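> A single structure is presented below for examination.
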Amino acid sequence: MLKLSLRPFYFVILVLLLGSATNLKAQGGSDSLARLMLLNDSLQGQISRLEMVIDEGSYTRIPNEDFEEILNAKIQTSMREIANWWLFVIAALISLLGFLVNRYARSYLQTTIEGKVNQLKTENEDRIKEIGNQYFSSVINSLLDFKIDTIKKNKHRVKEEEVDELKSYLNDETVTIPEHKNVTLIDTIMRCYYYSSFPQRLEKMIGLIKEYEERYILLHTTYANSAIAFNDMYHLYGAKHYLDDAIENCDKSIKILPDYGLAFALKLELYIMGISKAFNEEERETYEKDLMKVFNDIENNKSTYLCKELIKRFEVDMKNFMRPYLEKLYAEYPNEIEKIRNRAVAETPPAN
């Protein structure tokens, strides 16, 4: 720092004043000299006052380059402070914005994901149930196959509880059982009733066929076994509707298997029973015509299995309540029976 001095300037001023005073004196006059002295005193007073005002700490004289450097440094410092402040503000705003965006984004994503998961659950709920049902149904179907095979090995002679268990699967909506499996199941149950001595087994056979004959096309054996049940009921009670139901089931069986000898045998037995139980001559003649029509159908059927199977059924029924009816059939229709016997013998392969 340099101290500013005014003495060189004072000396210059005094020289100028003395020069002026000399000129004034030479030009003459004591008045001019007096004015000059007053002016000198005035200047001297002003100089004194300036010296009093300007002291060593009032200001500092520095070079321009240093001044510019100091000024630039101050400006740069001020700019940095301003920049830092704005950076702080911007950083704070970004942090706040990031927090809000993150919070909103997490909430949005969570809501979206939960919505998608619920949507997938809703859309696939039926599919999941279907897959579970298919797996469960597969297990149940395998179990049914095992049960049916076991019952066949026991020649359909089982306890009634086992039959009831099989029947429960027919109406179980929690499992999916193929139609052909249900048909086989119904036939197995019908055979169990037929070979059993369950209470009211005939009524149960009839109830089974009536419950499911509208829902499925049953096996020819199922219709034939139900015809046997109606046949037995007709023998016991003589009600015509039992006869009609028995004939209807025989026809359904023959429609499925046209050369099913057992069904033809049952029709012959039913009509000879009808003739025996006829109310009057008109009803008797009706049954006789129906009986002859069955003989005619047998004669026109060229199957090599029909007659043999028919005679075999007659041999079985000769050992039960049907014996009187069959003896009547043999006696009143000997020619027709003889034709059937001859065909049955011809159909039998020779023994080795």
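> Residues being out of contact with any His (no Cβ under 6 Å at 6 or more places or on another chain) and assigned to a loop (DSSP other than H, G, I, E, B): count how many of those fall in the stretch 182-215.
Within the stretch 182-215, residues that are out of contact with any His (no Cβ under 6 Å at 6 or more places or on another chain) and assigned to a loop (DSSP other than H, G, I, E, B) number 8.
> I'd like the full set of residues that are hydrophobic (A, V, I, L, M, F, W, C) and either surrounded by fewer than 20 Cβ atoms within 10 Å (Cβ to Cβ) or in contact with a strand residue (DSSP E or B) (Cβ under 7 Å, 6 or more places away or on another chain) (or both), limited to the stretch 212-234.
Residues satisfying the conditions are 217, 219.
> Continuing with the same structure: Between a residue in the stretch 172-192 that is without any contact (Cβ under 8 Å) to a residue 40 or more places away in the chain and closer than 12 Å to residue 208 by Cβ and any residue that is in a helix (DSSP H, G or I) and β-branched (Val, Ile, Thr), which pairs come within a Cβ distance under 7 Å, given they are 6 or more apart or on different chains?
186/222; 187/221; 187/222; 189/163; 190/222
> Quick check on my filter: what residues within the stretch 149-166 are crowded, with 18+ Cβ neighbours inside 10 Å and in a helix (DSSP H, G or I)?
Scanning the stretch 149-166 gives 151, 163, 166.
> Then there's this: If you go through the stretch 260-294, how many residues are of a type in the set (Phe, Trp, Tyr), over 56 Å from the mean Cα position of the chain (by Cα) and buried (at least 19 other Cβ atoms within 10 Å of the Cβ)? Write out each step before concluding.
Our first condition is that a residue be of a type in the set (Phe, Trp, Tyr); within the stretch 260-294, this holds for 260, 264, 271, 279, 287.
Retained after the next criterion (residues that are over 56 Å from the mean Cα position of the chain (by Cα)): 271, 279, 287.
Remaining after also requiring buried (at least 19 other Cβ atoms within 10 Å of the Cβ): 271, 287.
Qualifying residue count, the stretch 260-294: 2.
> From 166, 208, 144, grab the single residue that is under 30 Å from residue 268 (Cα atoms) and not acidic (Asp, Glu). First the steps, then the outcome.
Numbers: 166 fails: under 30 Å from residue 268 (Cα atoms); 144 fails: under 30 Å from residue 268 (Cα atoms).
Selected residue: 208, the only one of 166, 208, 144 that is under 30 Å from residue 268 (Cα atoms) and not acidic (Asp, Glu).
Read-outs: derived from the displayed coordinates by stated rules, not from any lab. The model shown is predicted, which means the values in this text are computed figures rather than measured ones. Methodologically, a virtual Cβ is constructed for each residue, glycine included, from the backbone with ideal geometry; neighbour enumeration extends over all protein chains shown.
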